[in-house]
Each structure stands twice: as structure tokens, then as C-alpha cells.
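The values are calculated or read from the model by the stated rules, or taken from the named source; none is laboratory data. Here the structure is a predicted model, which means the values were calculated and not measured. FYI the Cβ positions are ideal-geometry reconstructions off the backbone, even for glycines, and counts take in every protein chain you see.
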Amino acid sequence: MSYTVLARKWRPRKFQELVGQEHVVKALVNALSAERLHHAYLFAGTRGVGKTTLARIFAKALNCTNGVVSEPCGQCDTCLAIDEGRFVDLLEVDAASRTKVEDTRELLDNVQYMPTDGRFKVYLIDEVHMLSNHSFNALLKTLEEPPPHIKFLLATTDPQKLPATVLSRCLQFNLKRIRVREICDQLNKICVEEGVDSEPDALVAIAKAAEGSMRDALSLLDQSIAFSGGDISLDSVSTMLGSVDTGHIKRIIEGLIQGDGAVLMNEVIVLDERAPDYGLVLDELMTFLQKIAVIQLIGVPDEDEQDEGLSILANQLAPEDVQLYYQIALQGRRDLDVCRDFRSAFEMILLRMLAFLPGLPERSKKDLTKSVSPKESVSVDQFPKKESGFVQDGRSKVQPTSANRDSKVVAPKVDPQRWGQLLSESDVRGAARQLAEQCVLNDYVNNKIALILAAEHAHLNTDQVRGRLEEALAQRLGRKLVVSIEIGDASVGTPAEIRVAGENKLMREAREAISSDPAIKEAQKAFDAIVEADSIQPHSSDIKQ
């Protein structure tokens, strides 16, 4: 007995059966209902998203025995003939195999004749971008003003290769990649109808591997049924695809968070037993890091990838570390193909992530948060304390009394240089550093630091970023702190403004030094030269100072 593959057996026969292209279906259904029909349609999209299927359903709606309808009946002789590929008035042309201008002219010779059985004669040209320039030129006039009984349906995976003259003569519909969740729902429906037991995670793995293509997903489903002998499990699908269990990737990231090389090497040993493709392992690791970065930026994961584990990892990793890991993984992925021992190369990539991690690599982040002792806290000359009565210069001292112990010092009495000095001695990085440098100190009493932030930088003040700033300052001062930020006039001089002012001063001094240098003046005189002011940069050691 013959077997029909799932991709053909489950090809949609009606608009309502099409998955993931509602925006195109709505436009076509409305046009059919109002009988406002264009003479040429272009369907563009990646492989397996329904371009040809959509064109065939549209051809059935045009020629259905019941008339021009918004949904073909699927039961009349015309609909059945189109489904079976034997309708004489639907001419399907593969442009990839008929690229010559002679083929196009031969095709257009029959345009003048009326349809044999249907209402319209439909030309379905697949992969139309493969036609030669001469073929497009031969098609232009007919495509712009065809006889009323002719409809052109063009399909392409690369619309950029089509001449603008062709695009301007068509109604263009861009079909999008089908989402993972929509593919999973369709695969689950097919498995139920086919009597195949499947694990949800296995279908998710197939849907991800399909990369937005429903046809690829159905082909992989066919393959997984054959591979597993019936029931579909995640283990069998992972083995078939050569993919890696996401648990391995999460444990690798956890090892990076802990700064523990032994955990990473043990995970590599477990991975190596499955003889994985280490290129795919790195791809999966980069995918996880990208998702973590998105979670840290917008606070929620993609709706197709709801994973509580990712949110937990995102809270444990610093954003700058995520960027560092991703860049190292990306560079390692490029270099992987030139290595003879892929496992050793993969191990070196993981060890490189540890080696370049800011701070002491042999100590975990948990150890680092506990390593600050009270002796390492900022001195009174570096950071004024209201409890001790120290004011701007850090020298005059007032014995604390019940009257002044809880008194507050307004912002003008706080030297902005002291706030910048504290930041320079604290491990404040990334977005937290950017936020802190745009603030000025307003108050510091009872382990509470009050800052003022200008309104134009209010977008930097998020709970997550402020929490990282609190953690870094508490680590430097050796005690718990609460940081509050108010929007106001930060006119005292933020660390960012002070730094920029210092850099501008160094730039002016550097330019003055160049312009007054006798050797430079001699060279200008001898060669009639000029000094490019924009190319002058102060020495890096001066900038650091």
C-alpha cells in the first residue's frame, strides 16, 4: 500500500485550515467577498510557510462551482481537480527549471485563449525570482494588462531579486515565519489524528528545529515517528536532531555563575558521552545567553519561551557578564572549525569565560559578596557620615548629640568629588554605573543614601539597576544600605559631568601643547602643513588621572 507523507496529507485545503498567516488570509477573503480582484498577486516568504498552498486555495476560490467565494467548498469537481493537480485551467510553472525567455514566450502564447473548464485561467509561477531578465521583460506587458479571464499568482522566497517593474504590477503579500507555539499546536493535532503518542517537549524541539517552516516541521515529525518506531519522546528527537538537552546548557551557565571550573568540566564529560556537535552546543548556549539578555532588558521572556529557569539565571548574572560570555562563545564558534579536537576547543571556550570574568576567577560570586570586611569601608575623608558630624572638607568634627544625630545635610554641603571617589572605589558596573554617574548625593544617614537624578536620565532608574547599585555600595562599605533616588535638579555636578569636564580640559591642554611645540611649527613651515585638530588625543595615562 502507498503511504502519503504528512506534509502532503495535511496540506491545508481551505483558508481556515492555514496556520500562522491570518493577515494574508483576511486580505484575500475580504477581496473575494467584495469581488475586488487584482490581476496579479505575489506571495513572498521563506520555505514551507504556505505560499503555494495559499495560491492553490485562492485558485479554488476563484473557480469554485459555487461562484467566486471567500471559502472554497472543497467538494465540487473544480476543487477536487485542483487538489489532485489535474485542473487544466491552473497552470503551475516552476520558474527554476524554465528560466529562458523562450519558455516564458511559449507560456504567454496561450494567454489570449479563454479557460476550458473554469471561470479564470490561473498562472501559478513558483520561485519566480529565478526567471532571467529577458523573461521578466517578456512578462511585463502581459502582467500589467492581462485579459480579464487571466490571473497571475507568483510565489518567491527572495522578493529582493524581482525587478521593481514586476513588484509594482502585483499586490504583494509577505508571509511570516510560523511561531513555535502555532507549529506545536498543529503537530499535536496531527499526532492525535494519526494515533501517535508524543511528549510535549519533543514537539517543541521539532518546532524549534523547523525554524518557522510548517513543511519542515511535518517532515521532521515523519522522520521522528520512523526513528522512534511509533511514539515520540524527547530523547529520541534529541538524538535524531543531534541537539543538546537544555538542562546541560543551564548547568553550564550555573557553573559560570558559581565560577567553578570543576562543574564545567564535569558537564563537558557528561556531554561528550553523547558525542554531540559542539558547534550546536555553542549555538544553544548563545541562544540561552541572548534570551537572558532580553529578560534582563525588558523583564519578561518571549511568549513562546516561557521558562522560569531563565528568569532565575537572569537575576543571578550581571548583564555585562552575559555580554562577555556571548562574545566569547561567538568568537569560539568561529574558531571551532579550525580545531582538530572539538571537545578540547569547547573546554577552552568555557575556561576562557572564567578567565576573563572580572574579579578573582577562583572565588565564586557568593564568596565575593561576603568578602568585604568593615575595615575595608570608605574612610570619613572619602565619604561624609552625618552620624559623625563630618561636613564637606572632612576635617571639622562636631560631637554627635541628640539634636544633630538625625539631622540632614542638604546637597550643596556635599562635595560631588566624594561621591565620584566612592564610585571609583566600588565595583559598580554596567547600567548601575551609568545610573550612579548621573546622580548627585543629597543625603546619607542611618545607612540610607539619598540621591538626586535629573529628569532626562529618569529612564535609567529601574528597580533592578538600583538594586545592583545598592549591592555594590554595600559591598564596599561593609554594611547593608538602602539607596533611594528622587527626580530633581542634579546641578551640583554629577560624576559624569566632572569626568567630561576633566577630559575637555586635557584635550585643550593637548592641543595647546601641539600648537606651541617648536618641532611641529618647523614641520608646518617646511611642508606647508596643517594640524588636524580632531586627530589630537591626550595620552591615556593623563585621562586615567
Restricting segment 231-250 to residues that are over 16 Å from Met286 (Cβ atoms) and buried (at least 17 other Cβ atoms within 10 Å of the Cβ), which is modelled with the lowest pLDDT?
Asp245
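Here is a yes/no grid of residues against (1) modelled with pLDDT under 90; (2) among the basic types (Lys, Arg); (3) under 30 Å from Arg179 (Cβ atoms):
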residue: His39; (1), (2), (3): no, no, no
residue: Ala61; (1), (2), (3): no, no, yes
residue: Val69; (1), (2), (3): yes, no, yes
residue: Gln75; (1), (2), (3): yes, no, no
residue: Leu108; (1), (2), (3): yes, no, no
residue: Leu124; (1), (2), (3): no, no, yes
residue: Asn133; (1), (2), (3): yes, no, no
Restricting segment 273-295 to residues that are modelled with pLDDT under 85 and not aliphatic (A, V, I, L, M), the residue that is farthest from Ser238 (Cα to Cα):
Glu273
Hand me the list of helices (runs of 4 or more DSSP H) wholly inside segment 92-175 holding 2 or more residues that are among the charged types (D, E, K, R).
101-108, 133-144
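Within segment 151-173, restricting attention to residues that are among the aliphatic types (A, V, I, L, M) and out of contact with any helix residue (DSSP H, G or I) (no Cβ under 8 Å at 6 or more places or on another chain), which residue is surrounded by the fewest Cβ atoms within 10 Å (Cβ to Cβ)? If you could, list the steps in order and put the result at the bottom.
Taking segment 151-173 first, the residues among the aliphatic types (A, V, I, L, M) are 153-155, 162, 164, 166-167, 171.
Checking which are out of contact with any helix residue (DSSP H, G or I) (no Cβ under 8 Å at 6 or more places or on another chain) leaves us with 164, 171.
Details: Ala164: 7, Leu171: 14.
Step by step, filter segment 151-173, then rank; the result is Ala164.
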Name every residue in segment 454-471 that is under 23 Å from Val500 (Cβ atoms) and either in the same structural domain as Gln323 (by TED's automatic domain parsing) or surrounded by fewer than 22 Cβ atoms within 10 Å (Cβ to Cβ) (or both), in order of residue number.
Ala454, Ala455, Glu456, His457, Ala458, His459, Leu460, Asn461, Val465
Could you list, in sequence order, the residues of segment 211-265 that are touching a residue at least 60 places away in the same chain (Cβ under 8 Å) and of a type in the set (Lys, Arg)?
Arg215, Lys250
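Name the single residue, out of those in segment 296-306 being within 22 Å of Leu324 (Cβ to Cβ) and surrounded by fewer than 17 Cβ atoms within 10 Å (Cβ to Cβ), that is modelled with the lowest pLDDT.
Gly299
Report whether or not Ile498 is farther than 21 Å from Leu297 by Cα, free of Cβ contacts under 8 Å to residues at least 40 places away in the same chain and not in a loop (DSSP other than H, G, I, E, B).
no
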So is Ala61 surrounded by 15 or more Cβ atoms within 10 Å (Cβ to Cβ), more than 34 Å from the chain's Cα centre (by Cα) and assigned by TED's automatic domain parsing to the domain that holds Val122 or not?
yes
